[in-house]
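What follows is calculated from the coordinates using simple rules that are stated; it is not laboratory data. A quick note: this is a predicted structure, and the numbers were derived from the prediction, not measured. Positions of Cβ are backbone-derived with ideal geometry, glycine not excepted, and every protein chain shown enters the neighbour counts.
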Amino acid sequence: MSERIALTNLTKRFGPLTAVDGIDMSVKGGEVLGFLGPNGAGKSTTMKMITGFLTPTSGTAHVDGIDVVSNPVEAKKQIGYLPEGAPCYGDMTPEAFLGFIADIRQLSGPSRKSAIDIAIERVDISGVLDQPIETLSKGFKRRVGLAQAILHDPPILILDEPTDGLDPNQKHQVRTLIQEMASDKAVIISTHILEEVEAVCTRAVIIARGKMLADGTPAELVRRSTLHNAVYVDVAADAAEAVATDIRTLDAVNDVTILDGAAGLQQLRVTSKGGKSISIDVASILKEKGHPASDLTTQQGALDAVFREVTKGKPIAGEGEVTHG
Amino acid sequence: MGNIAIIAKREFKGYFATPLALVFIVIFLAMTGAFAFYVGGFFTRGAADLSAFFGYHPWLFLLLVPAIGMRLWAEERKSGTIELLMTLPVSTTDAVLGKFLAAWGFCGLALALTFPMWITVNVLGAPDNGVILASYIGSFVMAGAYLSISACISAMTKNQVIAFILAATICFLFTMSGAQLVLNFFQGWAPEVIVDALRSMSFLTHFNAVTRGVIDLKDVVFFGSLIALWLFLNVIAVELNKSR
């Protein structure tokens, strides 16, 4: 599918601070892009520039080929946006609020009604339609914000922390919703929750200090982990050193670390060279040398480990904390 | 519906979502009445006109209109809904005009609800209703000028109390700039041009001219261009401050 979102050298400075530093990125229809990064990495700032809320210091952002800076109103028509914290007019009821959004989105007649009905059904807020939004729980507020974003069935969805503050059931519901809608849309979600990226995203981008540090499918990023395909095994505490020495003789093994243990057992962590699968090699050498061992497990490598490895680069001199989120 | 009308409608309804509308209208009506009857001496003047009523409008508006205008943008910024509003397909100018018109409409409603005054004076005597109509129009336009100042100041802060105090202060300066008290301060050292300019900025002077029953083009242009100027500044203030 064609490129829905195209960012070229997108940069935003706040005074001396560079919040977003030359991001180049494109998102196609059908992609769900997970935007990862520590607080203050520039995720929200990037989203605010795509949605036209902030003007880039330099560089361009196009949505469906429309320049966000030179033609903001047209560009905004293509986008459904859930700002961070899902701000809504608290004194309105969800029904009145969605009606207002529908009017602004130039929906009228039967299509207005059906758009509102579909959005209400999708986020499951039919029970609270006539309560002022400020009296609703955090989960419901978030869902009203989501309903607002998807109301006009936009080709582009930008959701800033859509599941923040929701309970596990609500999180699951929102993720299912995103997946359902993703078939033909370009979706960008920002999140701190790495399992969410693995659950819903077809692509993950890690940014820190305004720069893009990694870009790939969640599985590809996991493979970057030094712990990818690491093997954990419990052995007798007094034999731990001997076992470690034996395992180190394997070609595919990078290193063996003796971790803490309990009740006379000690856990060894065996990391693999280049992320190759080593569990069979490790199991056979243990058998061959006659070491009793239990609980042999393989770790896929966690996205959060990759996240930490990638984002904990050396801080660049002269850069402080970005306060604009 | 155009975007301006949609935004104005939402904003106007917003006044009635809280007790603000009711409180404001009750206080406005009570105070216009109190000033006209007790301070202005409506009955003892022995004249069938509403000058005792309209004469206090600048002073009432000075406090009450900034109270209407203070929430227009400060609240959006405080609650973060400005990010929602400004990422909808609406231009900043549309949003500024929509909000201003809603608040102005609300002022108009409050003013219209003073109609018992008009009935009273017509029952008691035979006033010049042309003068009264002109005064109502003048009062409404003057409220718009106060409101455009308040709306612009509201876009400069997240804090409604600060917005109120600053707006009331600026409105006070515009009201008083023709008064001898203020002019004395400048006379003697400032060039005559500046003193004249200050005198011509006075809401009181222009409003008093209108309440005499003459809607002069220069008074209309004065209030109209003042509203346009402050709304223009309002657009700039929103653009500059929206993300802070």
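Residue order for B:V195, A:V222, fewest other beta carbons within 10 angstrom first, comes to B:V195, A:V222. By the beta-carbon count within 10 Å of each Cβ, the least crowded to most crowded order of A:F307, B:F140, fewest first, is B:F140, A:F307. The simple Förster model, with R0 at 51 Å and r as the Cβ-Cβ distance, assigns B:A197 and A:I118 a FRET efficiency of 0.30. Modelled spin labels at B:F37 and A:T226, positioned 7 Å past Cα toward Cβ, are 8.5 nm from each other.
Panel note: the C-alpha atoms of region B:2-242, placed on their principal axes, show extents of 57, 49, 30 Å (largest first). The alpha-carbon of A:K113 sits under 17 angstrom from the alpha-carbons of these aspartates and glutamates, leaving out residues fewer than 8 places away in its chain: A:E95, A:D103, A:E121, A:D124, A:D130, A:D153. Volume per residue of the convex hull around the Cα atoms, evaluated for region B:176-238, comes out as 110 Å³.
Listed by Cβ neighbour count within 10 Å, with the fewest neighbours leading, A:S294, A:S277 appear as A:S294, A:S277.
Go through B:N159, B:S51, B:L233 and say which Cα lies farthest out towards the positive end of the charge dipole of region B:2-242; charges sit on Cβ, +1 for Lys and Arg, -1 for Asp and Glu. Towards the positive end, the residue furthest out is B:N159.
Close amide H partners of A:F14, meaning residues 5 or more places away or on another chain with modelled amide H under 5 Å apart, are A:A19. Scaled to the globular estimate 2.2 N^0.38 Å, the Cα spread of the protein assembly as shown, given as radius of gyration, is 1.33. Label separation (B:V123 vs B:I165): 4.4 nm, computed from points 7 Å beyond Cα along the C-beta direction. Karplus-derived 3J(HN,Hα) values for region B:195-208, using 6.51 cos²θ - 1.76 cosθ + 1.60 with θ = phi - 60°, are 4, 5, 4, 4, 4, 6, 7, 6, 4, 4, 4, 5, 5, 4 Hz; glycine and proline are entered as x. To the nearest 10 degrees, how steep is helix B:20-34 against the longest Cα principal axis of chain B, on a 0 to 90 scale? Approximately 20 degrees, to the nearest ten. Quick one: angle between helix B:57-69 and the longest Cα principal axis of chain B, in degrees between 0 and 90, rounded to 10, please. The two axes meet at around 10 degrees.
Each listed q (0.11, 0.16, 0.18, 0.21 Å⁻¹) maps to a log10 I(q)/I(0) for region A:174-291 from the Debye sum over equal C-alpha point scatterers, namely -0.56, -0.81, -0.89, -1.05.
In debye, nearest 20: dipole of region B:2-242 around its Cα centre with unit charges on the Cβ of K, R (+) and D, E (-)? In total the dipole reaches around 460 debye.
Measuring max minus min along each principal axis, the C-alpha atoms of region B:31-106 give extents of 58, 20, 13 Å (largest first). Under 5 Å from the amide H of B:G213 lies no amide H of any residue 5 or more positions distant or on a separate chain, with H modelled from the backbone and absent for Pro and chain starts. The radius of gyration of the Cα set in chain A, together with its Dmax, comes out at 24.3, 78 angstrom.
In chain A, helical runs assigned H by DSSP with n ≥ 4 each contribute -39500 (n - 2.57); averaged across all residues and rounded to the nearest 500, the mean residue ellipticity at 222 nm is -9500 deg cm²/dmol.
Across B:F106, B:F16, B:F203, mean-square fluctuation computed from a Gaussian network of chain B (C-alpha pairs under 10 Å connected) peaks at B:F16. Note on region A:139-178: along the principal axes its Cα atoms extend 27, 18, 14 Å, ordered by decreasing extent.
Gain on full extension, evaluated as 0.36 nm per residue between A:K273 and A:A199 minus their Cα-Cα distance, stands at 23.9 nm. Note on A:K211: lysines with a C-alpha under 22 Å away, same-chain residues under 8 apart excluded, are A:K12, A:K28, A:K43, A:K48, A:K312, A:K314.
Restricting attention to region B:2-242, the count of lysine pairs at 8 or more positions apart or across chains with alpha carbons under 19 Å apart stands at 8. Normalised radius of gyration (Cα atoms, divided by 2.2 N^0.38 Å) for region A:1-104: 1.17. Kirkwood radius for region A:52-186, taken over all pairs of different Cα atoms as the inverse mean of 1/r, rounds to 15.5 Å.
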